[in-house]
1. Using each residue's phi in region 94-104, evaluate 6.51 cos²θ - 1.76 cosθ + 1.60 at θ = phi - 60° and report the 3J(HN,Hα) Karplus result to the nearest Hz, with x for Gly and Pro.
2. So what are region 10-141's ellipsoid semi-axes, whole angstrom, largest first, if each one is the square root of 5 times an eigenvalue of the alpha-carbon gyration tensor?
3. For Leu66 and Ile130 in the same chain, what is the full-extension length gain: residue separation times 0.36 nm, less their Cα-Cα distance, in nm?
4. Quick one: putting +1 on the C-beta of Lys and Arg, -1 on the C-beta of Asp and Glu, what dipole do you get for region 10-141 around its Cα centre, in Debye to the nearest 20?
5. Which of Met63, Gln28, Val110 sits closest to the plus end of the dipole of the chain, meaning its Cα is farthest towards the positive end, when Lys and Arg get +1 and Asp and Glu get -1 on the C-beta?
6. Work from the charge dipole of the chain (Cβ charges, +1 for Lys and Arg, -1 for Asp and Glu, about the Cα centre) and give the residue of His139, Ser83, Ser123 farthest towards its positive end.
Amino acid sequence: MSNDVVKFDVDQIPEGMVGIRMMLGMLQGQITNIQDRLEEHREESRDEHRKVHTIIDATGESMRNLTRAVTAMEPHVESYKMSEKDIKAAVDLAMSYRDDKIEKRGTDKVMGKLITAIALIVSGAMALLIEGIKFAVAHFKG
């Protein structure tokens with residue numbers, strides 16, 4: 001669309017049509033104003049388009065930088081994941097060892113008490129046997 005206004009010479013309209021001359025002059029002014037405003041709008045639209053384009057370019061560059069950073073971090077993250085698994089396995093092993101030690105300690109205590117009880121029973125039985133032998137020797141001797 002051309003920005004040129006179709007211009008005509010209002011003065012060429014006969015004198016008897018003054019009202020028409022005035023209306024055509026007024027319309028011509030309004031068309032000029034509309035064209036000026038349209039051109040301003042086009043300029044603003046071009047400026048906004050440039051701004052949006054700049055923002056899109058900057059966003060694209062940011063995304064490329066982010067992609068590079070994530071790509072660079074991936075091996076480290078995977079390494080940390082493996083380290084986490086190794087640490088968890090070590091903790092599980094330590095907990096199992098601790099549980100085994102606690103269980104063994106408990107078993108050792110029970111066994112110690114059991115052995116002590118058996119030793120007391122055996123020593124008591126021995127003491128009774130010795131007393132029985134002494135009694136028998138004393139009664140059969142004499």
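Values quoted throughout were computed directly from the atomic coordinates according to the rules given, and no laboratory measurement underlies them. Just so we're clear, the structure is a prediction, and the values are computed from it rather than from any experiment. As a convention, Cβ positions derive from the backbone with ideal geometry for all residues, glycine included, and neighbour counts pool all protein chains shown.
1. 5, 5, 5, 4, 4, 4, 4, 5, 4, 5, 5
2. On the way: eigenvalues 2804, 76, 4 Å².
So the three semi-axes of region 10-141 are 118, 20, 5 Å.
3. Numbers: separation 64, 0.36 × 64 = 23.04 nm, distance 9.23 nm.
Net length gain for the segment: 13.8 nm.
4. Numbers: 19 positive and 21 negative charges, 402 e Å.
Magnitude of the dipole: close to 1940 debye.
5. Positive-most Cα among the choices belongs to Val110.
6. Most positive-ward Cα: His139.
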